[in-house]
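**Student:** Below is the structure I would like to discuss, written out as C-alpha cells.
The values are calculated or read from the model by the stated rules, or taken from the named source; none is laboratory data. Keep in mind that this is a model prediction, so the values were computed, not measured. Note: ideal-geometry Cβ built from the backbone for every residue, glycine included; neighbour counts use all protein chains shown. SASA here: full protein model, heavy atoms, side chains in, ligands and nucleic acids out. Shrake-Rupley method; radii C 1.70, N 1.55, O 1.52, S 1.80 Å.
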Amino acid sequence: MGANAVVVEGVSKRFQLVSDRPLSLKEAWTGKRLGSGRRFRRVSSEPFWALRDVSLEVPRGSMYGLVGRNGSGKSTLLRVMAGIYRPTEGRVEVAGRTSALLELGAGFHPALSGRENIYLNASVLGVPKSQIDDRVDQIVEFAGLEEFIDSPVKIYSSGMYVRLGFAVAVHVDPEILIVDEVVAVGDEEFQLRCFSHLEALRAQGVTIVLVSHDLGMLRANCDRMAWLNRGLVAAVGEPQDVINAYLDTIDTEAAASVGHRPRPDDGGETPLRITRLEFYDEAGHRPKTFSSGDPLIVRIHYLASEPIEDPVFSLGFYDHNNLHLAGPRSHIGGFRPGKLDGEGWVEFRLRRIPFRSGAFHVNAAVQDSDASYLYDRRARDFWLQISGEPDPQANGLLNLHGDWRAGS
Amino acid sequence: MADVTCRGGVLEIWGYRELIGRLVQRELGARYKRSVLGWLWSMLNPAATLAIYALVFGVLLKFDPPRAGNGRFDNFALYLFCALVMWNAFYGVITGAMSALLDLGSLLGKVYFPPEAPAVAALFTVLFQAAIEASILMLILICLVNVSWTFLLWPVLLLFLSIFALGIGLVLSVWNVRYRDVGYLATIALQFLFYVTPIVYPLSIIPERAMGLPTRDIIRLNPLSQFTEASRELLYGLDWPGVLRLGLMALISLAVGVGGWLMFKVRTRDIAEEL
C-alpha cells in the first residue's frame, strides 16, 4: 500500500456535446427528426474538454479539498475518481473501497423505499447485508428520517435525499469518501453534523475528497487543496496558498468584468448596480487580512446608469458556516446618500471588527429609498479575512471588545 | 492500488454479487413476498399461456404429439410445456435485461457498478421462475411414470440457454438505451421468433420443402429450435440429444454469450454519460 489513496495521472476528459442524434432506430433509418422532419446535422459538434491533463495525489487519511468556479471540472473529476466516468486520457488509481456522494440523487432508486435504498446502496458499495442490518437504525437516525424510511424516496424533499445519501455514504465503512457540494443542501444543523462526522471519519483514517465553495470550512479542515480552473489544475498545495491564489483571481476577474456580469436575480439591466466591494483599514490601505478589533471600512462601489434618489445600501456579514452575523442597513441611522448618478461609492465604517478570526463573506445589496425594490445584490462574491485572535481561548462567535471593571 | 480506469473483467461481477443478490431479491420480493397467492399469481400467466396454446393447437388444430418416452401415453399439453419452459426463460431474460438496464441505468451516473449487473440479476430472477415451472413439469411427468436420468441433463441445457439469452439480452439492452424503439421492435421480433421455433407445433409437421425452400432445415438452423427440441427429448421423449448436438449448443451459447458480453462492454464504457 502506497502513501496515496488516490492518484490521478494526466487525466483528460472530453465530452462530445451531441445534442442532435437520432433517438430511435426509425430516426436513424430516415435521418430525420420525428415530428419536425428536420434532418440531423452532419457536422460533429466541438468536443468539450472538461478536464485537461489533471494530475493529483491524495495522501492516505487526508482531507483533500477542491475549489473552482461552476463548470471548472470539479464534479467531473470526482466522477472520474469514483470510476463513473472513464477518462479520455490518463489514469486514476484508487486504493480502497470508495463511497461517493455526488449529487442529490445519491444513487437512489425513486420507486424504492428509503430502507430498500439503504440496502441497494450498500450492496453497490459491496457491503454485506449482515453489516447493514446492524447499521440501518443508525443510518435512519442520522438522517432523521424515522417517519419516512418506509416511503418511496421519490416523495422525499431534497433535504431528505441529501441527508439519507450522506448517512448511507458515511456508514458503509468507506476507505475513501468522495463528497460533492451536496451537503450544502441540508440545513445548518445537519451541515454541522456532517462536518463533525467527516472529522470523525478522518480521525479513523478515512481519506476524504471534498468539493465545496465554503472556503472557510475548506481552510479549517483540509490538509491539501487543489484549485481547478477550466479543467486545468491552477494550483495545488497548502489550503491557505490555494485559497489565496483562487481569491486573487476572482477579485481581478470581478474587477475586470464590471458592468458585464449578468445579474443573477432578474437577468435584466438594473439602473443601479454594485460593481465591487473593497475593504480598507484606517490608513486607507487594503490589507489581505485584518485583525480582530481593528477598524474596518467597507467601501461599496456602485454604477448608476440613471439618477437615483437616496437608495438604501445594506451589507451582510456571514461566517464560514453561512451564519448571518450582522446586517447593517444604511437608512437605519438616517443616512441618505443623495442623488446618485454615474460611478461612486458609499462607505460603512466599523470602529472595531467584532468578528473572531476566520473567513467571512460579505454580501452587499442596494434597494430604492423605501426599501421595496431591489436594484442589485452581490452574494458570496467578497471575502473578508480576519486573523490575529486576541484571546485564542475565547468562546463564541464575536469579540465584543468590552472593558472589565471591578467595584464594591 | 486498483486502477479504476480499466476495470470490468469477468471476475468483477463476482465482487458485486451482493448487489445482484439484492436486485434479484427485490424483483422476486415484489412478485412473491406478499402471500402464498403471490406464488400462484406468478404461475398464473405461464399456466394460462399453456392452457390457451394447448387448447388452440392441441384440441382445435389437433397437432399430434409423439408418444412419450415410456410409450404409454401422448399428451400435447405436456409436449408443449417442455418447449414452453425454454421459451419462457429465453423471453424473460431478453425482456428482463432490457428493462433492468433502463430501470437502473440512472444510478450509473451516481455510483459505480458493473453495468451488466442489472441484466445478470434479471437472468437469475428468470431462472428462479424457470426452476419453478420445470419442477411442476417434472413432477407431473414423474407422476405419469415418464422419468429417466435424462432429467438430470435438463439443468445443463438451461445453463446453455441462459448464456445464449444473456448474450442477446445484453446487446439489445444497450441498444435500447440508445434508441428508444428497440424494445418495441424486439417484442415484434420475439413474436416472430416464437412461431419459427417448434414450440406450439412439433418440428415434424413442417414440410421438408415448401415454396422451393428447405423449410424444415431453416427452422432447425434457428438455435432456439435446438433448445426447445432438446428440452422435449430430455423430458418428454426420455432421449438424449447426443454429444454432438449438446456440444454444438454449448458452442453456440458460448459464442453468443461472450460475443454479446464483449459488445456490451465496449458500448457501455461511457454509458454513465449517455443515460
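**Student:** Name the residues in region B:128-158 that are without any contact (Cβ under 8 Å) to a residue 24 or more places away in the chain and within 18 Å of B:Tyr91 (Cβ to Cβ), would you?
**Tutor:** B:Ala131
**Student:** Right, something else. So which of A:Leu228, A:Leu201 is at pLDDT 85 or above and assigned to a helix (DSSP H, G or I)?
**Tutor:** A:Leu201 is the lone residue from the list that is at pLDDT 85 or above and assigned to a helix (DSSP H, G or I).
**Student:** I want to confirm something. Restricting to region B:117-128 and keeping residues that are surrounded by 24 or more Cβ atoms within 10 Å (Cβ to Cβ) and either away from every other protein chain (no Cβ under 14 Å) or of a type in the set (D, E, K, R) (or both), which single residue is farthest from the chain's Cα centre (by Cα)?
**Tutor:** Taking the candidates together, the pick is B:Ala119.
**Student:** Could you check how many residues of region B:79-116 are of a type in the set (Gly, Ala, Ser) and either within 14 Å of chain A (Cβ to nearest Cβ) or not in a helix (DSSP H, G or I) (or both)?
**Tutor:** Counting residues in region B:79-116 that are of a type in the set (Gly, Ala, Ser) and either within 14 Å of chain A (Cβ to nearest Cβ) or not in a helix (DSSP H, G or I) (or both) gives 5.
**Student:** In region B:220-250, which residues are surrounded by fewer than 15 Cβ atoms within 10 Å (Cβ to Cβ) and under 17 Å from the mean Cα position of the chain (by Cα)?
**Tutor:** Answer for region B:220-250, where residues must be surrounded by fewer than 15 Cβ atoms within 10 Å (Cβ to Cβ) and under 17 Å from the mean Cα position of the chain (by Cα): just B:Asn222.
**Student:** Between a residue in region B:54-75 that is under 11 Å from B:Val200 (Cα atoms) and any residue that is in a loop (DSSP other than H, G, I, E, B) and open to solvent by less than 100 Å² (accessible area, probe 1.4 Å), which pairs come within a Cβ distance under 6 Å, given they are 6 or more apart or on different chains?
**Tutor:** From residues that are under 11 Å from B:Val200 (Cα atoms), the pairs are B:Phe57/B:Phe63; B:Phe57/B:Val200; B:Phe63/B:Tyr201; B:Pro65/B:Asp74.
**Student:** Quick check on region B:150-209: of everything there that is open to solvent by less than 30 Å² (accessible area, probe 1.4 Å), part of a helix (DSSP H, G or I) and not hydrophobic (A, V, I, L, M, F, W, C), which residue is farthest from A:Leu23 (Cα to Cα)?
**Tutor:** B:Thr150
**Student:** Looking for whichever is within 11 Å of chain B (Cβ to nearest Cβ), in a helix (DSSP H, G or I) and open to solvent by 10 Å² or more (accessible area, probe 1.4 Å) here; the options are A:Asn121, A:Asn117. Which one fits?
**Tutor:** Exactly one residue qualifies, and that residue is A:Asn121.
**Student:** In the set A:Gly65, A:Gly10, which member is modelled with pLDDT of 80 or more and away from chain B (no Cβ under 14 Å)?
**Tutor:** Criteria check complete, one pass: A:Gly65.
**Student:** Another one. So which residues in region A:289-329 are outside any strand (DSSP E or B) and more than 18 Å from A:Pro271 (Cβ to Cβ)?
**Tutor:** A:Ser292, A:Gly293, A:Asp294, A:Pro295, A:Asp319, A:His320, A:Asn321, A:Asn322, A:Leu323, A:Gly327, A:Pro328
**Student:** Which members of region A:330-342 meet the condition of being open to solvent by 40 Å² or more (accessible area, probe 1.4 Å) and free of Cβ contacts under 8 Å to residues at least 24 places away in the same chain?
**Tutor:** A:Ile332, A:Gly333, A:Gly334, A:Phe335, listed by residue number.
**Student:** Continuing with the same structure: If you scan region B:96-121, which residues turn out to be under 19 Å from B:Trp14 (Cα atoms) and small (Gly, Ala, Ser)?
**Tutor:** B:Ala97, B:Ala100, B:Ala117, B:Ala119, B:Ala121
**Student:** Among the residues of region B:160-218, write down those that are of a type in the set (Gly, Ala, Ser) and either in contact with a strand residue (DSSP E or B) (Cβ under 7 Å, 6 or more places away or on another chain) or more than 14 Å from chain A (Cβ to nearest Cβ) (or both).
**Tutor:** B:Ser162, B:Ala165, B:Gly167, B:Gly169, B:Ser173, B:Ser204, B:Ala210, B:Gly212
**Student:** If you don't mind, there's one more thing I want to ask. Tell me whether region A:390-402 contains one or more residues that are at pLDDT 80 or above and loosely packed, with under 11 Cβ neighbours inside 10 Å.
**Tutor:** Checked region A:390-402: at least one residue is at pLDDT 80 or above and loosely packed, with under 11 Cβ neighbours inside 10 Å.
Residue-by-condition table, conditions (1) open to solvent by less than 20 Å² (accessible area, probe 1.4 Å); (2) closer than 27 Å to A:Asp370 by Cβ:
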| residue | (1), (2) |
| --- | --- |
| A:Thr275 | yes, yes |
| A:His285 | no, no |
| A:Leu315 | yes, yes |
| A:Pro328 | no, yes |
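**Student:** Just give me the residues in region A:216-225 being open to solvent by 30 Å² or more (accessible area, probe 1.4 Å) and not in a loop (DSSP other than H, G, I, E, B), in sequence order.
**Tutor:** Hits for region A:216-225 are A:Arg219, A:Ala220, A:Asn221, A:Arg224.
**Student:** Okay, next question. Could you give me the residue pairs with C-beta distances under 8 Å whose first residue belongs to region B:16-39 and is more than 12 Å from every other protein chain (Cβ to nearest Cβ) and within 14 Å of A:Leu112 (Cβ to Cβ), whose second residue is at pLDDT 85 or above and buried (at least 18 other Cβ atoms within 10 Å of the Cβ) wherever it lies, and which are 6+ apart or on separate chains?
**Tutor:** Going by the 8 Å Cβ cut-off, there are no qualifying pairs.
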